[in-house]
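What follows is a set of notes on a single structure, which appears directly below.
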Amino acid sequence: QEGSLSAPAQTVMVSPPLPPVVYVISQPTEIQLEFVGMQPDEGSITGYNVYRALKGEVFPLLPLNREPLTGNRFADVGLERGTTYLYGVRTVVRLPSGGRVESSLSNEVEGRLKDDE
């Protein structure tokens, strides 16, 4: 059944921020990630979301961290020896309007627990 039209709505499209650049450092008991983000054209960086997948699989929709990380390092622990992991990071930006936007995925890096020396 047709009814009356709703009130017109307006929205503003914003470009997502640039993704960070990620580096991986393999240790015997953890894989460390370091990432560097670029300041966005609008808003300010509030943190980073880290994503992990097994090599050959797609990244999950939800990040490893519950809240955006405020630092630029992350240590992933409790991993299986001999398994190759794939990581990606997204920058989270708070816009002047108060909303949040996430960048596209960073460069993908591989990590694997380092053998004991």
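The values are calculated or read from the model by the stated rules, or taken from the named source; none is laboratory data. None of these values were measured; they are calculated from a predicted model. Note that each Cβ is placed from the backbone with ideal geometry, even for glycine, and that neighbours are counted across all protein chains shown. In case anyone asks, the SASA skips ligands and DNA or RNA and just uses the protein heavy atoms, side chains included. Shrake-Rupley method; radii C 1.70, N 1.55, O 1.52, S 1.80 Å.
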- Peptides 6-18, 88-100: what's the order by average Cβ count within 10 Å, highest mean first? 88-100, 6-18
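Please identify every one of the GluC sites (Glu not before Pro) in the stretch 1-96 that sits in a loop by DSSP and has no more than 11 other beta carbons within 10 Å of its own beta carbon.
On the way: sites: Glu2, Glu30, Glu34, Glu42, Glu57, Glu80; in loops: Glu2, Glu42, Glu57, Glu80.
Counting only loop positions with at most 11 other Cβ atoms within 10 Å, the GluC sites (Glu not before Pro) in the stretch 1-96 are Glu2, Glu57, Glu80.
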- Along the positive direction of the dipole of the stretch 1-96 (beta-carbon charges: Lys, Arg +1; Asp, Glu -1; about the Cα centre), which of Tyr85, Pro8, Val58 reaches farthest? Tyr85
- Query: Roughly how many Å² of Leu54 are accessible to a 1.4 Å probe, to the nearest 10?
  - Reply: 70
- Ignoring ligands, DNA and RNA, what percent of the 1.4 Å accessible area of the chain is carbon and sulfur? 50
- Computed label-point distance, nm, for sites Ser44 and Ala9 using a 7 Å Cα→Cβ extension: 2.9
- Query: Mind checking the dipole of the chain: about its Cα centre, +1 per Lys or Arg Cβ, -1 per Asp or Glu Cβ, Debye to the nearest 20?
  - Reply: 180
- Residues of the chain: accessible area per residue at 1.4 Å, in Å²? 69
- Item | Fully extended contour minus Cα-Cα distance, from Ala53 to Arg73, at 0.36 nm per residue | 5.4 nm
- Message: Taking the Cα centroid of the stretch 79-116 and of the stretch 1-78, what is the distance between the two, rounded to the nearest whole Å?
- Response: 7
- Compute the length gained on full extension between Val21 and Thr83: take 0.36 nm times their separation in residues and subtract their Cα-Cα distance, giving the result in nm to one decimal. 20.0 nm
- For the stretch 3-16, 3J(HN,Hα) per residue [Karplus equation, 6.51 cos²θ - 1.76 cosθ + 1.60, θ = phi - 60°, Hz, x = Gly/Pro]: x, 6, 5, 7, 5, x, 10, 10, 9, 10, 7, 10, 6, x
